[in-house]
Amino acid sequence: MSTFDFPPSILSRPVYGRLEPRAGKSHMMIADAEGAEAILRLAAEDATLMAKSNILYIPGDTGDKYTSQLKALKPKQLYVGPSYEAAVPRLRRTLLDAHMGLQVYLAGTEGLMGQAMLEATTAGIPHSAIQTEHHGSVARRVQCVHCKGITEDVMLDPFQCSHCGLNLFVRDHYSRRLAAFQGVCIDAEDPGNVPASVELYS
Amino acid sequence: MTIQFNDETFRGDYTFKNSQWAIDRFPFPFHEDNYMYSVNMEQHQGGPEGSVYEKRFDVDEHYVSEMKDRAQVLAEDPLRCQSLPHMTLAGWDLLELIMVSKSEDYPDLFELHRDGNHWHWINKPMGIDQRFTFMDETTLPYGPMEYITRQTQGDFAVLDQRDDNLWMDAGMVTTQADWSLDFDIGMNFFEWHAPVPKAHEMGIFVRALKFLLNVQQGSPARRLNWTMTVNPLLDTSPENYHKWGVQKTTLTPENVGQKQHLRVELQTFFRLPRSNALVFPIRCYLIALEDVVSVPKWGRRLHRVIRDLPEELATYKGFIDNRPLIVDYLSKFDDGLATSPGIWPDKDSEPPLQA
């Protein structure tokens with residue numbers, strides 16, 4: 001099982017649910033890695049869904065594990081891409097053509113869901129209308145509050161900013177506009193005193 | 001009175017200083033000998049003559065130097081002033097509110113002459129004489145919110161109202177108690193307050209939001225908030241925390257009275273007419289502990305408040321490590337006598353410190 005129960009946290013921290021088939025003219029599903037499991041389940045729950053679904057999938061380190069199963073669902077459109085960044089132009093183009101009645105489903109890591117949600121909300125879909133389901137890694141996208149650079153796939157707390165090199169602790173404070181958590185210098189008051197890193201949620 | 005504007009700094013050599021006038025009118029935030037969160041709102045319809053509550057936008061001796069400090073912060077980090085595209089109208093609303101208020105409240109310092117949309121603004125302390133067309137951005141050197149808040153003390157959060165919530169969609173933030181506009185812009189009321197401990201569970205934000213959603217035009221509200229800052233540093237931003245955080249470790253028993261400052265925010269809330277946005281000015285007043293304790297009542301009270309503050313709040317406000325040092329200093333100004341209710345200094349009626 002690839003799901004993780006996040007402990008309760010502050011109100012800016014996103015919470016994730018369980019994707020459910022919803023009535024709609026068309027369905028946009030964006031997932032990475034183990035997020036495919038949520039899509040496979042959706043298809044099993046509603047056999048009519050796939051004929052109206054456009055799936056955008058980034059396998060990441062799961063390789064071919066889920067791609068043939070997704071193909072077998074016979075969605076209206078399926079894109080399997082090498083990275084989220086590579087998929088963004090296609091996602092934007094698809095959202096440009098979207099009409100009323102589009103349902104958006106996000107599944108996978110927080111970084112993927114957060115960035116895809118930003119694209120969808122920029123296109124005019126309210127964030128509260130978008131379904132999400134977490135699967136896979138608990139790594140985070142973190143913005144350094146000091147240099148503003150974003151470090152992807154942060155698993156350790158504290159960690160070193162990949163842009164300015166400061167040692168940052170990872171807050172639960174989250175910005176949908178940046179699709180990122182906040183990283184703040186951990187040794188500002190005692191330079192050089194950086195505690196040993198631990199894995200998030202370990 | 002005519003204000004004598006100080007030439008002073010809020011960084012580096014820290015020449016900031018409060019005159020006796022500024023000490024006497026300081027907005028001391030504690031109305032009793034202890035502190036806990038509350039929705040401490042009241043109408044912002046003036047106050048005692050000479051107090052910081054009297055005018056809609058208080059101007060004091062620090063005005064010109066604070067505006068220089070703001071310009072310096074913005075030159076180093078333009079992200080401290082941002083406005084999402086739908087907030088320009090609210091920016092014009094704010095510009096109008098401030099220009100009208102200041103020219104009416106301080107006619108010797110500010111003038112506004114209006115002929116239809118042809119406006120003429122004179123800001124004497126800053127030496128600004130600007131003719132522009134109201135609602136035409138091309139006639140001002142900055143967007144309307146940035147233009148007027150470069151000339152007005154205090155931070156400004158401009159909140160859009162929709163979906164029964166307030167959204168921080170624009171702001172000018174250079175004198176903040178450690179929060180980032182760049183990170184929080186676009187968040188709703190509960191989201192940008194998310195890191196505050198305890199207050200959510202106490203229902204503070206639900207009640208505060210309900211109040212703020214109903215603030216009406218012409219009926220502004222206000223409250224005080226506070227924290228502690230080492231050195232009179234206005235820009236205690238998270239952006240620069242890796243630079244200023246270390247200053248917290250420079251306190252000693254000898255310098256705590258001069259270096260440790262009580263930082264008070266006079267927060268006001270005005271409904272804006274065209275946009276229906278809510279503007280939330282957050283005006284920062286700083287005072288050194290040695291000046292606080294020059295008022296006997298405030299010395300007694302501050303000692304008790306800081307000594308008894310719950311650990312969670314002292315941690316959130318960022319002075320938990322320095323609290324013993326601060327309490328030790330303040331204890332010398334607390335003789336155990338009772339204090340009069342309310343925030344006012346009551347210098348004429350409260351007894352001097354007993355030996």
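The values are calculated or read from the model by the stated rules, or taken from the named source; none is laboratory data. Predicted, not measured: the structure shown is a model, and the values here were computed from it. Ideal geometry is used to build each Cβ from the backbone, glycine not excepted, and the neighbour counts take in all protein chains shown.
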What is the one condition in (1) without any contact (Cβ under 8 Å) to a residue 24 or more places away in the chain; (2) within 11 Å of another protein chain (Cβ to nearest Cβ); (3) in a loop (DSSP other than H, G, I, E, B) that A:R177 does not satisfy? (1)
If B:V230 satisfies all but one of (1) among the β-branched types (V, I, T); (2) closer than 28 Å to B:L89 by Cα; (3) in contact with a helix residue (DSSP H, G or I) (Cβ under 6 Å, 6 or more places away or on another chain), what's the number of the condition it fails? (2)
Lone qualifier among B:P253, B:P220, B:P238, B:P273 - being closer than 29 Å to A:C185 by Cβ and more than 14 Å from every other protein chain (Cβ to nearest Cβ): B:P253
In the stretch A:180-194, how many residues are facing another protein chain (nearest Cβ under 7 Å), crowded, with 18+ Cβ neighbours inside 10 Å and more than 17 Å from the chain's Cα centre (by Cα)? 3
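Of all the residues that make up the stretch A:20-42, how many are in contact with a Ser or Thr (Cβ under 8 Å, 6 or more places away or on another chain) and within 20 Å of A:I58 (Cα to Cα)?
Residues flagged as in contact with a Ser or Thr (Cβ under 8 Å, 6 or more places away or on another chain) and within 20 Å of A:I58 (Cα to Cα) within the stretch A:20-42 amount to 9.
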Any hit, the stretch A:117-136, residues being touching a Cys at 6+ places or on another chain (Cβ under 7 Å) and either more than 14 Å from chain B (Cβ to nearest Cβ) or surrounded by fewer than 20 Cβ atoms within 10 Å (Cβ to Cβ) (or both): no
Pull out all pairs, ordered by first then second residue, where Cβ-Cβ is under 7 Å, the residues are six or more apart or on different chains, the first lies in the stretch B:180-206 and is more than 9 Å from chain A (Cβ to nearest Cβ) and surrounded by fewer than 20 Cβ atoms within 10 Å (Cβ to Cβ), and the second is assigned to a loop (DSSP other than H, G, I, E, B) and among the hydrophobic types (A, V, I, L, M, F, W, C). B:I204/B:V39
Among the residues in the stretch A:36-52, are any at pLDDT 95 or above and within 14 Å of chain B (Cβ to nearest Cβ)? no
Please go through (1) surrounded by fewer than 17 Cβ atoms within 10 Å (Cβ to Cβ); (2) within 14 Å of chain B (Cβ to nearest Cβ) for A:E152 and return the number of the only condition it doesn't satisfy. (2)
Say whether the condition of being of a type in the set (A, V, I, L, M, F, W, C), in a helix (DSSP H, G or I), in the same structural domain as A:T109 (by TED's automatic domain parsing) and under 19 Å from the mean Cα position of the chain (by Cα) is met by at least one residue in the stretch A:45-60. no
Test set (1) under 26 Å from B:P238 (Cβ atoms); (2) away from chain A (no Cβ under 14 Å) - B:Q130 fails condition number: (1)
Every listed condition ((1) more than 14 Å from chain A (Cβ to nearest Cβ); (2) surrounded by 20 or more Cβ atoms within 10 Å (Cβ to Cβ); (3) out of contact with any Gly (no Cβ under 6 Å at 6 or more places or on another chain)) holds for B:T229 save (1)
Test: residue in the stretch B:89-112 that is within 14 Å of chain A (Cβ to nearest Cβ), of a type in the set (G, A, S) and either in a strand (DSSP E or B) or without any contact (Cβ under 8 Å) to a residue 60 or more places away in the chain (or both): no
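Quick one: count up the residues across the stretch B:23-47 that are within 30 Å of B:G127 (Cα to Cα) and either of a type in the set (S, T, N, Q) or without any contact (Cβ under 8 Å) to a residue 60 or more places away in the chain (or both).
4
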Residue in the stretch B:307-355 that is surrounded by the fewest Cβ atoms within 10 Å (Cβ to Cβ), counting only those that are within 18 Å of B:E290 (Cβ to Cβ) and under 22 Å from the mean Cα position of the chain (by Cα): B:P345
Matching residues, the stretch B:133-170, being at positive phi and away from chain A (no Cβ under 12 Å): B:M135, B:G154, B:D164
Say we look at the stretch B:23-48 and pick out the residues that are within 18 Å of B:L302 (Cα to Cα) and either aliphatic (A, V, I, L, M) or outside any loop (DSSP other than H, G, I, E, B) (or both); which of these is farthest from the chain's Cα centre (by Cα)? B:M36
Would you confirm whether or not the stretch B:207-215 contains a residue that is out of contact with any Cys (no Cβ under 8 Å at 6 or more places or on another chain), within 14 Å of chain A (Cβ to nearest Cβ) and surrounded by fewer than 20 Cβ atoms within 10 Å (Cβ to Cβ)? yes
For the subset of the stretch A:155-174 comprising residues that are of a type outside the set (S, T, Y) and part of a loop (DSSP other than H, G, I, E, B), which member is farthest from the other protein chains (Cβ to nearest Cβ)? A:M155
